[in-house]
Structure formats: structure tokens, C-alpha cells
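Everything on this sheet refers to the single structure shown next.
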Amino acid sequence: MNKMAKIRDNSQITIPKNIMEKLDLKKGDTVSIELRDDEIILKPVVIIDKSQAWFWTEKWQKEEREAESDIKAGRIKSFHSADELMKDLKNK
């Protein structure tokens with residue numbers, strides 16, 4: 001999909017609307033810019049707040065997948081109260 005864009009003042013270009021829509025890009029989104037040989041590569045990126053970075057570690061994501069698998073397989077228990085939970089824990 002080749003599209004043309006002119007370089008304007010302050011080195012700005014406009015990304016064509018159909019590409020913005022296809023990639024679900026919005027005003028204010030971030031893109032990485034890479035120079036590869038004689039090409040400029042733009043890639044959408046999501047910046048994660050440092051305080052939330054732990055959630056996206058491989059270890060945490062692995063544990064999230066395990067938890068999701070347990071939920072789907074019915075390997076979970078639910079309790080109506082803390083007392084009910086404590087009784088179950090004591091019976092182990």
C-alpha cells in the first residue's frame with residue numbers, strides 16, 4: 001500500500017486517513033521511527049507508565065495466562081465471606 005505525503009514546515013507529514021483507521025491510530029498516539037537502509041519505518045507503540053510496567057513482565061503475563069486457564073477449567077473456588085475462606089484454608 002503506497003501512499004504519498006509531503007514534508008511540511010517543521011518536518012511534519014500527515015499519515016493518510018485510511019492508514020490511521022487501519023492501525024487504529026489517534027491524535028496523540030506515539031510511533032517509533034526507524035531508519036532502515038534508505039527507508040523510514042513508522043511503527044505504532046504503546047508507552048506504559050513505569051508504575052504499571054510490572055504487569056507486562058514475562059513472568060507476570062505467564063502467571064496471568066495460568067490463572068486464565070485455571071478459571072476456564074473450573075479450578076477455582078469462590079467464597080461468600082472471609083470466614084468461609086478461612087474455614088476452607090484450615091481444612092487443608
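Laboratory data are not the source of any read-out in this text; all were calculated from the coordinates shown. Only a predicted model underlies this, so the values are computations on that prediction, with no experimental measurement involved. All Cβ positions, glycine included, derive from the backbone under ideal geometry; neighbour counts span all protein chains shown.
Below are the figures for this structure:
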{"item": "Relative contact order [Cα under 8 Å, 6+ residues apart], the chain, whole percent", "result": "12 percent"}
{"item": "Qualifying trypsin sites (Lys or Arg not before Pro) in the stretch 1-47, DSSP loop, other Cβ atoms within 10 Å at most 10", "result": "3, 6, 8, 26, 27"}
{"item": "P(r) of the stretch 50-90 over all Cα-Cα pairs, binned every 10 Å from zero, in whole percent", "result": "24, 30, 34, 12"}
{"item": "The chain - convex hull of the alpha-carbon atoms, volume per residue in Å³", "result": "233 Å³"}
{"item": "Positive-end residue, the chain charge dipole about Cα centroid, Cβ charges, pick of 12, 40, 67", "result": "67"}
{"item": "Where Cα atoms sit under 23 Å apart: lysine pairs in the stretch 1-89 separated by 8 or more or lying on different chains", "result": "24"}
